[in-house]
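Enquirer: Just dropping this structure here.
The values are calculated or read from the model by the stated rules, or taken from the named source; none is laboratory data. What you see is a predicted model; the values in this text were computed from it and never measured. Counting neighbours? That spans all protein chains shown, and the Cβs are built from the backbone with ideal geometry, glycine included.
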Amino acid sequence: MRPSDVDTSQRPFVCIWEVTQACELACEHCRADAQPARHPDELTTTEGKALLDDARAFGDGQLVVLSGGDPLARDDTVDLVEYGVENGLQMTMTPSGTGSLTRERIDDLADAGLRRMALSLDGASAATHDAFRGEAGSFDSTVDAARAARDAGLPLQINTTVCAQTIGDLPAIRDLVADLDAVLWSVFFLVPVGRGRVLDPIDPERAEGVMEWLVEVADDAPFGVKTTEAPHYRRVALQQKRAEGGIASPARDGIGRRTGVTAGDGFAFVSHVGDVYPSGFLPESAGNVREESLVDVYRDSDLFESLRDPDALTGKCGACEFRHVCGGSRSRAYATAGDPLASDPLCAYEPEGYDGPMPDQSPAEVEL
């Protein structure tokens with residue numbers, strides 16, 4: 001399945017299942033506000049397999065990411081991967097960089113058919129990464145796991161958070177991503193939810209500079225580059241190409257997408273207790289898989305349908321000529337304005353002739 005062939009009104013490009021919120025780490029940016037112990041109301045193995053059956057109903061090759069917390073805090077994770085693969089799903093995972101991510105467990109996941117492993121590096125050294133992750137030894141565990149994944153033949157993705165605490169390390173992290181032979185660098189621009197509410201976001205002008213730099217990285221690096229919760233990266237890339245006299249259509253990102261995959265539009269998230277969100281960073285439930293079909297919620301719920309209509313956006317995003325290419329982070333709009341259709345405050349671009357209100361970057365008081 002090619003990403004460009006996905007009709008996002010009918011199926012998500014990616015479906016994330018937060019299999020647990022349990023995790024040994026206490027990362028400063030954690031969306032889930034993860035805890036050491038598993039929640040007693042997590043989806044069971046049987047319910048999880050039913051969810052994977054439902055995801056299969058989206059169509060051939062549906063991409064499913066097992067996330068957390070730390071998905072390896074569950075003892076059935078390898079079984080869930082194997083079950084999904086046997087039923088035609090593309091199964092990937094985002095485990096935490098802890099001592100539990102052993103070479104043996106990575107080999108078991110590879111044998112089960114895991115398609116890709118994504119690991120987080122938020123610093124280029126043990127000092128910066130471990131401080132951000134709240135656990136001494138996390139950097140070494142993550143790098144060891146990355147090398148074990150490479151040895152097991154598992155394609156590796158590196159995830160990095162962009163905020164005031166990490167921005168200075170980005171060039172060195174880029175070099176480390178290349179050294180680890182990763183196939184993709186996913187650069188996540190902080191959304192103020194969970195523990196991330198206490199971190200310092202970067203301002204829109206600095207974000208614009210990071211995205212311009214990422215376009216240059218993508219042109220030269222041996223790995224792909226994509227952004228998470230920063231769809232205006234595509235607008236930046238398009239503007240740069242046009243300025244250089246290049247193509248007039250948006251370039252593909254690191255996973256082959258030409259147009260945005262944003263919360264609810266090409267993206268669905270199932271929480272550890274079965275709630276269906278447009279994104280893990282947009283915690284407004286449109287239903288629960290214990291009561292409704294994931295397919296029906298994604299295709300037919302009012303919330304998801306509204307997020308797939310760029311012309312429903314308000315404020316600066318609604319006036320922007322790039323709204324069909326970008327659309328802004330709906331998660332950040334919700335986190336800062338309490339409205340998923342409001343403007344994304346991280347974007348520095350001002351549409352020509354727009355004289356309306358500018359979005360506020362401060363976190364809103366929303367019910368979680």
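Enquirer: Please tell me if Glu47 is modelled with pLDDT of 95 or more, more than 20 Å from Leu154 (Cα to Cα), more than 18 Å from the chain's Cα centre (by Cα) and outside any strand (DSSP E or B).
Expert: yes
Quick grid of which residues meet (1) modelled with pLDDT under 95; (2) in a loop (DSSP other than H, G, I, E, B):
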| site | (1), (2) |
| --- | --- |
| Ile202 | yes, yes |
| Gln239 | yes, no |
| Gly246 | yes, yes |
| Asp253 | yes, yes |
| Gly260 | yes, yes |
| Glu305 | no, no |
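Enquirer: Do we find that Leu114 is at pLDDT 95 or above, in a loop (DSSP other than H, G, I, E, B) and crowded, with 24+ Cβ neighbours inside 10 Å in this structure?
Expert: yes
Enquirer: List pairs: first in the range 215-232 and farther than 27 Å from Ala333 by Cβ, second basic (Lys, Arg) and not in a strand (DSSP E or B), Cβ under 8 Å, 6+ apart or cross-chain?
Expert: Once the first residue is farther than 27 Å from Ala333 by Cβ and sits in the range 215-232, its partners that are basic (Lys, Arg) and not in a strand (DSSP E or B) give Ala221/Arg174.
Enquirer: In addition: Cβ-Cβ distance below 7 Å, separation of 6 or more or different chains: which pairs start in the range 163-186 with a residue that is touching a residue at least 40 places away in the same chain (Cβ under 8 Å) and end on one that is aromatic (Phe, Trp, Tyr) and assigned to a loop (DSSP other than H, G, I, E, B)?
Expert: Pairs that qualify, where the first residue is touching a residue at least 40 places away in the same chain (Cβ under 8 Å) and the partner is aromatic (Phe, Trp, Tyr) and assigned to a loop (DSSP other than H, G, I, E, B), are Val177/Phe223; Ala178/Phe223; Ala182/Phe223; Val183/Phe223; Leu184/Phe223; Trp185/Phe223.
Enquirer: Can you find a residue that is among the aliphatic types (A, V, I, L, M), over 30 Å from Leu346 (Cβ atoms) and buried (at least 19 other Cβ atoms within 10 Å of the Cβ) anywhere in the range 149-164?
Expert: Yes, the range 149-164 has at least one match.
Enquirer: May I pose another question? Can you tell me how many residues within the range 335-351 are in contact with a helix residue (DSSP H, G or I) (Cβ under 6 Å, 6 or more places away or on another chain), over 14 Å from Thr314 (Cα atoms) and surrounded by fewer than 24 Cβ atoms within 10 Å (Cβ to Cβ)?
Expert: 1
Enquirer: Right, here's the next one. Please find, within the range 184-200, the residue that is modelled with the highest pLDDT out of those that are assigned to a loop (DSSP other than H, G, I, E, B) and touching a Lys or Arg at 6+ places or on another chain (Cβ under 6 Å).
Expert: Val191
Enquirer: Now for a separate question. Criterion first (hydroxyl-bearing (Ser, Thr, Tyr) and in a strand (DSSP E or B)) does Thr161 satisfy it?
Expert: Spelling it out, Thr161 is indeed hydroxyl-bearing (Ser, Thr, Tyr) and in a strand (DSSP E or B).
Enquirer: In the set Ser301, Ser329, which member is at pLDDT 95 or above, among the polar types (S, T, N, Q) and farther than 20 Å from Val210 by Cα?
Expert: Checking each option against the conditions leaves just Ser301.
Enquirer: Could you please tell me which pairs satisfy a Cβ distance under 9 Å, a separation of 6+ or placement on different chains, a first residue in the range 62-84 that is at positive phi, and a second residue that is assigned to a strand (DSSP E or B) and surrounded by fewer than 24 Cβ atoms within 10 Å (Cβ to Cβ)?
Expert: Close Cβ pairs satisfying both conditions: Gly69/Ala22; Gly69/Gln35.
Enquirer: Could you list, in sequence order, the residues of the range 7-24 that are surrounded by 21 or more Cβ atoms within 10 Å (Cβ to Cβ), outside any loop (DSSP other than H, G, I, E, B) and at pLDDT 95 or above?
Expert: Cys15, Ile16, Trp17, Glu18
Enquirer: Counting just the residues of the range 56-73 that are out of contact with any Lys or Arg (no Cβ under 7 Å at 6 or more places or on another chain) and part of a loop (DSSP other than H, G, I, E, B), which one comes out surrounded by the fewest Cβ atoms within 10 Å (Cβ to Cβ)?
Expert: Asp60
Enquirer: A follow-up question, please. Any idea which of Tyr334, Tyr277 is touching a Pro at 6+ places or on another chain (Cβ under 9 Å), over 25 Å from Val210 (Cα atoms) and among the aromatic types (Phe, Trp, Tyr)?
Expert: Step by step, each of Tyr334, Tyr277 is checked, and only Tyr277 is touching a Pro at 6+ places or on another chain (Cβ under 9 Å), over 25 Å from Val210 (Cα atoms) and among the aromatic types (Phe, Trp, Tyr).
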